[in-house]
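Laboratory data are not the source of any read-out in this text; all were calculated from the coordinates shown. Owing to the predicted nature of the structure, the values given are computational and were not obtained by experimental measurement. Virtual Cβ from ideal backbone geometry, glycine too; neighbours counted across all protein chains shown.
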Amino acid sequence: MREAALALVMGGLAVLLEWAGNTGFAVPVGLGTVLLFLLRRAFPASVLLVTAAAAGWAPGPLPLLVLAGWVAGARVRRVGLLVAAFAVSWLLFTVTGVLKDAGSMSLKVIIAVSLGGFLLMAVLPALWGRYRAQRSALLDALRERNDQLVRERVMVVHQARLRERHRIAQDMHDSLGHQLALISVHSGALEVDRTLTDRQREAVGVLRQAAVAAMRELREVVGVLHDESTAVPPAPTGAGAAPGRGGVDGIEGLVESSRAAGTLVSLSREGERRPLAAAVDHAAYRIVQEALTNAHKHAPGAPIEVALRYEPDALVVEVTNPRAPEPVGVRAGAGQVVSGGQGLTGLRERARLVGGMVHAGARPDQGFRLAAVLPYEGAADGASDGGAGIAGVDDWVLEGLPSAADADGRRRSPALGCAVGVVVVGLTVLGLVIWGLWAFVQGTDAATVKTSVYDEVQVGQAEADVRKLLPPGNGFFTDTYKGSGPPAPDGSQCRYFLSSDVSEKWAEDNVVRFCFKDGVLVDKEHYPVKD
């Protein structure tokens, strides 16, 4: 409805302008204007070309030229195509104007008027339309980028929660699993103690079964938390490591706890001790803790050897144990082992995050060996993988995302190019106005004869002498007066000028006429003419 109403308005304006100009083409121009208006969005450049050509010939399409320029500036994205379309449109506008008015004014005046009119009626609306289109596109891009940032922030927060959940699950596995394994070992040793009565041994068996059940439930909870987490577990660093978890210094406490459970555990250190990164220190502690837990579960009663070797470039942690001795006097099912399959996987991941590696496997004597190589400083990616906790998620999201600047670092402003265009157009139009005023003054002088000159010229003088006294003339100001005034002598050729004696009446000019025949001035007249 809005398009139809605007089309009728544009057509009506075209018809009114054609009627005012008395061109005789009011209806065809009005229908053509309506058609071009309806096609302006689908074919902006083509409509601009056709409208410019029609506007140079007739006044009716001039309002549509303003709208066609605005739509072309907004919809033609390629700058080269847009400039070419406007250049060709101006040429068509000028050519049709020359064909229409070539007999009534000079070519320079037609070109200047067409250039100024085209700049004001087509180029300025195009610059405004392009500015609005670029500003709208920029706002849409900013909204899309903001929505993307919000989505990414939600995703990163979710991933941070999953990483934290995985870390909690790993710590539960390492800490509680180790303690439950020690309880199981202690209760297993008491079950074979011959000094206990049957009732006491039965109570110890219940305690052992409770420890095994608790370990099984722990494994199930850890498995649920681990399965729901898709991110790699972070390695706690510095301030991120909770107090009381220990490092290399806490390995001695792990060894003492195992010894208290009745297991023969030895600890050896080789090489010059060196400072460790927080993540490496914590990883070494967890590796020894998991290795002792596995040894207690899979080889209860077997001696365990723990070795820490400070190599030139890395810390080597090694835990070995032989095959477990055959249990004596233990009931069936008492040595049942609960394993969730997450221990060694977690150890390898911890070592990978700090740039190290873990090897675990059987020995030739049917024992087991676990060795880890951990670099002293840790890996750069370890900190990045583990450092993005929930508390720092905002900084993590904003870091590395594209800024509002372009790839070359320069900020784009949709108003800058349009402002430059407006300034250029304004200066051009101003120059044309100044030139037009100067040309108008010069043309007026060239078409005006002073009263003294008119009085000096006498009938019967030679045409050459008279022309030396007269100004060059300007048809733009005097062509409308041809044929006016008293009848000219037969066979004469007349020249018309404005008189410097200005008429006191409104809408009336004083005209001077000089008629020549056979090289002689045969008549001169001074008479008023109504505009």
Among Phe514, Pro471, Val457, the residue whose Cα sits farthest towards the positive end of the charge dipole of region 448-530, when +1 is placed on the Cβ of each Lys and Arg and -1 on the Cβ of each Asp and Glu, is Pro471
Low-density loop GluC sites (Glu not before Pro), region 490-531, at most 13 other Cβ within 10 Å, DSSP non-H/G/I/E/B, are Glu504
Quick check on my link table: of Lys450/Lys530; Lys108/Lys530; Lys100/Lys524; Lys100/Lys517; Lys450/Lys517; Lys100/Lys505, which ones sit more than 26 Å apart, alpha carbon to alpha carbon? Lys108/Lys530; Lys100/Lys524; Lys100/Lys517; Lys100/Lys505
Can you put Lys297, Lys505 in order, fewest other beta carbons within 10 Å first? Lys505, Lys297
Taking 0.36 nm per residue of separation and subtracting the Cα-Cα distance, what length does fully extending Trp19 through Ala260 add? 75.4 nm
Check which residues have an amide H placed less than 5 Å from Phe368's amide H, if you skip close sequence neighbours. Asn321, Arg363
Taking amide H atoms as placed 1.01 Å from N in the peptide plane, list the residues 5 or more away in sequence, or in a different chain, whose amide H sits under 5 Å from that of Val265. Ile304
Mind listing which chymotrypsin sites (Phe, Trp or Tyr not before Pro) in region 435-531 are in a DSSP loop and have 13 or fewer other Cβ atoms within 10 Å? Trp506
Pick out, in residue order, every one of the trypsin sites (Lys or Arg not before Pro) in region 452-497 that is DSSP loop and has at most 16 other C-beta atoms within 10 Å; say none if there are none. Lys482
Taking +1 at the Cβ of each Lys and Arg and -1 at the Cβ of each Asp and Glu, which of Leu138, Phe43, Ile111 sits farthest along the dipole of region 2-151 towards its positive end, judged by Cα position relative to the Cα centre? Leu138
Computed magnitude of the charge dipole of region 448-530 (debye, nearest 20; Cβ of K, R +1, Cβ of D, E -1): 160
Ordered by fewest other Cβ atoms within 10 Å, a rough proxy for footprinting exposure, Ile251, Ile183, Ile287 read Ile183, Ile251, Ile287
Report the FRET efficiency, 1/(1 + (r/R0)^6), for His359 and Ser136, where r is their Cβ-Cβ distance and R0 is 60 Å, rounded to 0.05. 0.45
HN-Hα couplings for region 123-135 via Karplus (6.51, -1.76, 1.60; θ = phi - 60°), in whole Hz with x for Gly/Pro, come out as 6, 4, x, 5, 4, 5, x, 5, 4, 4, 5, 5, 5
Karplus couplings for region 506-516 from phi (6.51 cos²θ - 1.76 cosθ + 1.60, θ = phi - 60°), rounded to Hz, Gly and Pro as x? 6, 6, 9, 10, 8, 10, 10, 10, 10, 10, 10
Full-stretch length increase - Lys530, Ser503 - with 0.36 nm per residue and alpha-carbon distance subtracted: 8.7 nm
In whole Hz and in residue order, list the ³J(HN,Hα) couplings for region 292-303 that follow from phi through the Karplus curve 6.51 cos²θ - 1.76 cosθ + 1.60, θ = phi - 60°; x for Gly and Pro. 5, 4, 5, 5, 5, 6, 9, 9, x, x, 7, x
Relative exposure of Val502, Val529, Val248, judged by other C-beta atoms within 10 Å (fewest first): Val502, Val529, Val248
Residue separation times 0.36 nm, minus the C-alpha to C-alpha distance between His158 and Arg143: what's the value? 3.1 nm
